[in-house]
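Have a look at the structure below, then the notes.
The values are calculated or read from the model by the stated rules, or taken from the named source; none is laboratory data. Since we're looking at a predicted model, the values are computed, not measured. Neighbour counts run over all protein chains shown; Cβ positions are idealised from the backbone, glycine included.
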């Protein structure tokens, strides 16, 4: 089976930076596979996702989505950001249909697709409301609907629950698991939450401290639907946490040695 997504030796260094944000990094995502990227702050997770989305070009290497080289945003990919970023002057229904209008989809077809997407995230009963009338969790579900309505083959999610309270976060994790089981999209999910990554994913790539690189890949072969309290998931989380602690400690040591040499 051809990979839905191929990340091939990509690296990125930002202007005025003395070291890369990300060094040669490669992985594949198969059709229907849920992949998460975790690692310390500043390890290049969001940079990597931006390159997959086509919002940022790698300095070296390439990204291939659905068999084509990524040179910019593409119809087969949709992204959900940390902030729902809904237009406050539009109703929920109009927010979700915005991308379809931009692509010139006919009105009757737009209406049908929007209703289907809102039903999938259980927001069809509040379609006429504006974002300020919705809770944070509802707004983020709306942003997921806005991505799903475009019928992407690859869904990208950049820490979509980071601004939510713990209870809402757990509810939305269950929602994302349910939606993924229904759609079987290829998903690339960025998170700092280790149990969230293990709970949702088929594969988790653990990145090092800056400059980022994959230091460990976890295959999560646990039947779905899952329970966050599953001891097997907790064991995986524990291993990730121990590796992250070691990586952060080692990175701090390396920085101290460099500072001593240059002092």
State yes or no: is residue 93 over 23 Å from the mean Cα position of the chain (by Cα), under 25 Å from residue 161 (Cβ atoms), in a helix (DSSP H, G or I) and in contact (Cβ under 8 Å) with a residue 12 or more places away in the chain? yes
Quick one: in region 120-179, which of the residues that are in a helix (DSSP H, G or I) and touching a strand residue (DSSP E or B) at 6+ places or on another chain (Cβ under 7 Å) is nearest to residue 52 (Cα to Cα)? 147
What number of residues within region 96-105 satisfy the criterion of being surrounded by fewer than 19 Cβ atoms within 10 Å (Cβ to Cβ) and either in a helix (DSSP H, G or I) or free of Cβ contacts under 8 Å to residues at least 24 places away in the same chain (or both)? 6
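Can you confirm whether residue 199 is in contact (Cβ under 8 Å) with a residue 60 or more places away in the chain, outside any loop (DSSP other than H, G, I, E, B) and under 25 Å from residue 118 (Cα atoms)?
For residue 199, the condition - in contact (Cβ under 8 Å) with a residue 60 or more places away in the chain, outside any loop (DSSP other than H, G, I, E, B) and under 25 Å from residue 118 (Cα atoms) - is not met.
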Is it the case that residue 184 is touching a strand residue (DSSP E or B) at 6+ places or on another chain (Cβ under 7 Å), within 25 Å of residue 75 (Cβ to Cβ), surrounded by fewer than 19 Cβ atoms within 10 Å (Cβ to Cβ) and in contact (Cβ under 8 Å) with a residue 24 or more places away in the chain? no
Would you check if residue 44 is closer than 24 Å to residue 149 by Cβ, at pLDDT below 95 and surrounded by 15 or more Cβ atoms within 10 Å (Cβ to Cβ)? no
Among the residues of region 143-160, is any surrounded by fewer than 21 Cβ atoms within 10 Å (Cβ to Cβ) and under 19 Å from residue 237 (Cβ atoms)? yes
Have a look at 30, 19 and point out the one that is surrounded by fewer than 16 Cβ atoms within 10 Å (Cβ to Cβ), within 25 Å of residue 236 (Cα to Cα) and either in contact with a strand residue (DSSP E or B) (Cβ under 9 Å, 6 or more places away or on another chain) or modelled with pLDDT under 95 (or both). 30
Residue 127 within 15 Å of the chain's Cα centre (by Cα), more than 15 Å from residue 82 (Cβ to Cβ) and crowded, with 16+ Cβ neighbours inside 10 Å: no
Criterion: in contact with a helix residue (DSSP H, G or I) (Cβ under 6 Å, 6 or more places away or on another chain), outside any loop (DSSP other than H, G, I, E, B) and either more than 22 Å from residue 159 (Cα to Cα) or touching a residue at least 24 places away in the same chain (Cβ under 8 Å) (or both) - qualifying residue of 78, 108: 78
For residue 67, all conditions in the list (1) in contact (Cβ under 8 Å) with a residue 24 or more places away in the chain; (2) surrounded by 14 or more Cβ atoms within 10 Å (Cβ to Cβ); (3) out of contact with any helix residue (DSSP H, G or I) (no Cβ under 6 Å at 6 or more places or on another chain); (4) under 23 Å from residue 32 (Cα atoms) hold save one; what is the number of the exception? (2)
Restricting attention to region 179-194, report how many residues are more than 30 Å from residue 11 (Cβ to Cβ) and either modelled with pLDDT of 95 or more or in contact with a helix residue (DSSP H, G or I) (Cβ under 9 Å, 6 or more places away or on another chain) (or both). 3
So residue 62 ticks every box in (1) modelled with pLDDT of 95 or more; (2) in a strand (DSSP E or B); (3) closer than 26 Å to residue 220 by Cβ but one. Which box is left unticked? (3)
Tell me whether region 12-19 contains one or more residues that are closer than 24 Å to residue 160 by Cβ and in contact with a helix residue (DSSP H, G or I) (Cβ under 7 Å, 6 or more places away or on another chain). yes
Count of residues meeting criterion [assigned to a helix (DSSP H, G or I), in contact with a helix residue (DSSP H, G or I) (Cβ under 6 Å, 6 or more places away or on another chain) and within 22 Å of residue 42 (Cα to Cα)] in region 202-240: 2
